[in-house]
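Nothing in this text is a laboratory measurement; each read-out follows from the coordinates by a stated rule. Predicted model, so just to flag it, every value in this text is computed and none were measured. Cβ atoms come from the backbone with ideal geometry, glycine included; neighbour counts cover every protein chain shown.
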């Protein structure tokens, strides 16, 4: 024995393992029910914490047999329960295990088991269902296929703290989107779960809380109901506020802050309510602090971004709370150079979360800077901010790129806002400069070619903002980087938003006379083609209006005017829109005409003559009688040009 | 969890493209936009003056900028007051406080002192005209009460005898350009405020005690005045070295220097600025209108005073040291730190070797039981935990017997028994013997001592039914209000500690006064909380204990469990009626007469009185002998004098010295005797458990004095339930 070779030993060990697994499965087929029960119990003890054993048993076909025993009417309750426990243990293993269980139709079998009168068996089934439903490989729809399941689960909520915990956990994982929310809501989820928030068991409280956060998300109906629910004489928002006290576990603080955030965003709680301003917001800011785990910081920042997004007052408060803007800069420092050297495990952890951290920070910066100029200034002045955005725009992760462009978009608004309100180049130039110098134009142009419509919209949107009243050089840069081909591709984009923003960009490019002439001299032909195409196409009023505005801008050029005057087709179209039923379009067409017939400019007489011949003057007379005062004024003004 | 927040809706889209039907692009867009006020430009006008220059001393400018305060300038002349800004200046501080004395206690903080009078009349009178709300005495009292309540709740660990909390601005520690009003809570600037040199500041009456753990105050900007150059913060003891401020005009923070760091938003009229000092990690953050602004300073020194600095005319601020609810939720922040500290304690690594910790705990419990003579429990506990009891059972029972006699007031028998069982003990401890004899004399007066009882034949007083129920932690012979003895013992002062306790807390019935001052926590410690604690140990260690005690005649344990059921601090007194049948089982029989008889000297017997007088003479002789042998002993002298004083009154029980007759006064005597006996056995005179508790309590006090703020959230009581 002592001189046996190594290989045979290993082989024998291997076969031994399989043999023992085989033995466990064989025992499930014993004719003596007592021996079957003992076999299941032994199997339970063998698989706990042993992924290899679990895989072996699955391969050897234990699952169908266990399911058979679980469903067999002749099986004792004890046996059924033990089967459910073993199946739950198998589900705890790898995702492949869960897939195998799903392939064996475990879910209907377990749901059937819930009809049993035996509580222990029900709890075992629920525990197993919980494990399966919380796995990412399980389609949540499986919970809703049988309409009787949800009401039955609601009824089981009163049975024990374990049924409460497992059912709430199943709900919070399987409630995705408004349809699921409505189903759960209609079956009394709010009433059935609300009182669990005061359960003695922390796990039950926590899972109930999670349920409410998924139920309330973007759901005004649920949220409106929640604000008025009383539990032990206290309103639900008050209970949530208590749960975000600073001595509560972080998970609980974070989840209750989410509940309140979602209820606020769904319109059920005012944004100036103290529970938002003095409780939820500060709690979420704390979640962004360095002391929290990376996951918590991601969730905290994302939730806070969502909370403050529509409200400038909340943005202002957040911006001064606990140095949030500086705190977010830390989100970009992962993995840190220290962690790389000292601790491989930490490096791995940091790497995993680095993308998530960055995108969360970008989102929060975007929300913070959405409205207030001072806040934007503070953000832009944060160290390396522009470099970070630019790096973010070219990251491999779509999520990060999208967040970065949203952030840039939010900050680029500032440029245009400052300029429209102050006309003060000295103020905006320092803001604009870093964005441009960092090579943002090229990156944004690149984004417009993305497959992701959201990226395309945000990219073109940011470009549009940049082109607004920009210097000639910037406009030329944008046009060159984007290329006319890409511009025309975007003009035929299937996404309406992309089309609108592209037209906006075009319009912003074609402003101030020298720029108009310059651009039209090089790209005039293509632009006129594109304009014609859109005016002939099936587009809504806004698109057409925007296009007519582009024409009006072209008509404001000096040399560019000829491109219109020599294009009878376009002139006919302008004439058509002057008589359109929609005032907006009439007005836009009116602007084109005004620009063309303006007296003091060279060649105005010829243009006036040509247009008169087309019958434009008659239309102007008609419009001067228009009930729309704006239109009427413009028409009269145009007619005066003829008289002078 | 389902999705992330959706991308931001295109909120400003409309504005972004000149959307309203555009004018001919040639026309410049007309915008009627109002320019916002430029941000306060502070370069020229900020109070960052030249450091080190100026006639007024070392750099008033820099000082003002950073709230650097200098030794208080001479008080303003009482006659020629400077031109009065809004609230009239109060009379000089010296009018309210005796010259050169300590600062006058602010407001009503002096406590229940002067009968019915409203203190600080001068200050109140001076400001009442300008006060926006009536300052009647009742309103003032109400505010004081609320302040007291809030401070007690926020800073329970602070011993205000030792370290008073700030309650108002100090009329003494202020610049002359500073005016105070409204109970010294409102500060206004009354200088001309032309240059940074005119900056002035005032600090609170007291520094922040470390035992606060977390300290917080708020300041409301009533008026920003001309320029709003207000600074809010902290200054250190010496005024000059360290000061820390947050400035309203530029939002900068200033740390002991004239140059500021960008810190937070600016603040102005109507804003409420809070300042929180974390004495655990020595940091400080500010709040604005209830929103935390983040850490402003780190590495703060100890003993900082709340301080404000003002610089231009019209600046007025109100302080809130707890008079009103705070805008910021400071209690939530405190909760977080309490949890942190307690988690730290819970996770403190103990004993690396397996079982060592448990063994130590078991030894402590066992020695405690033995010490107090819970022999049955001690035996059962030792059995179930495989320990050996260091003292023989017989010895424990002997001690128990003596203690019972002392606590029953039968001193003569107690002394005799002691002499029998421990022959040389009292010989070697003449002072102890003297103490016992003095007590015997008192018991004779009381009519309880065996010698007079047999003479008088009258039944003993109701006090006799005083049950023999040793209480945990404090030795069984201690009154509940004597918890301080533990401290003294722990610091190694020896047996005299008993007598210091004896004197300072001679009030047997726990008076409210004593508790409010500083025996507050001890009350719970010794009479309420510890009892269930020990009881639960007994229960959990062994179920047998209960069975055992119920069969056993061991009186203490039974009494003890009776006492547990009582929640009032004198539960054992109430419980006495239940003891009757147990008494019968006792080896030392004790008659119980619960009928309330008229109390007479020595039980009313003439023979007994003569015996007592005789005994008194012997005692006098013994005292003289003792002085000759051992030298003067003031404690002994006083003890004897007090005891003899009883005879000066016709009704000693209702005399000023009558408290000596209270049975509770037997406790320190009993404890001293018990400890002395134990010492002869080479056993500690204090059980290690009580010692450890005393040490922990002492340690917390030491932490408070050494400026370690975490003591605020680690009170011993928290771990005794």
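Odds and ends about this structure:
- Per-residue mean of C-beta atoms belonging to partner chains within 10 Å, peptide A:316-325: 4
- q = 0.05 Å⁻¹: log10 I(q)/I(0) that the Debye formula gives for chain A, counting C-alpha atoms only: -0.38
- Förster-model FRET efficiency, 51 Å R0, residue B:348 and residue A:326, C-beta, rounded to 0.05: 0.90
- Calculated log₁₀ intensity ratio I(q)/I(0) where the Debye formula runs over C-alpha points of segment B:671-721, q = 0.14, 0.16, 0.19, 0.24 Å⁻¹: -0.50, -0.59, -0.69, -0.84
- Overall form of segment A:110-234 per C-alpha gyration tensor (a/c, 1.5; a/b vs b/c): oblate
- Simple spin-label estimate for residue A:336 and residue A:235 gives 4.3 nm between the two label positions (7 Å along the Cα-to-Cβ direction from each Cα).
- Between residue A:295 and residue A:622, the simple label model (points 7 Å from Cα in the Cβ direction) yields a spacing of 6.9 nm.
- Semi-axes of the equivalent ellipsoid for segment A:456-581, Cα gyration tensor, largest first, Å: 21, 18, 12
- Percentage relative contact order, segment B:343-440, counting C-alpha pairs under 8 Å, at least six apart: 17
- Two-site FRET efficiency, residue A:198 against residue A:118, from Cβ-Cβ distance with R₀ of 25 Å, rounded to 0.05: 0.35
- Whole-Å distance, taken between Cα centres, linking segment B:641-719 and segment A:152-171: 56
- Residue A:228 paired with residue A:76, simple spin-label distance in nm, labels 7 Å along Cα-to-beta-carbon: 5.3
- P(r) tail, segment B:355-400: Cα-Cα pairs separated by more than 18 Å, 20% of all pairs.
- Cubic angstrom per residue, convex hull over Cα atoms of segment B:244-319: 101
- Against the empirical curve 2.2 N^0.38 Å, the C-alpha radius of gyration of segment B:173-296 lands at a ratio of 1.02.
- Structure-based [θ]222 nm, chain A - -39500 (n - 2.57) summed over DSSP H runs of at least 4, per residue, nearest 500: -22500 deg cm²/dmol
- Rounded to 10°, Cα long-axis angle of helix A:629-643 versus longest principal axis of chain A: 30
- Whole-angstrom gap from segment B:360-432 to segment A:616-642, using each part's C-alpha centre: 117
- Förster-model FRET efficiency, 56 Å R0, residue A:141 and residue A:536, C-beta, rounded to 0.05: 0.80
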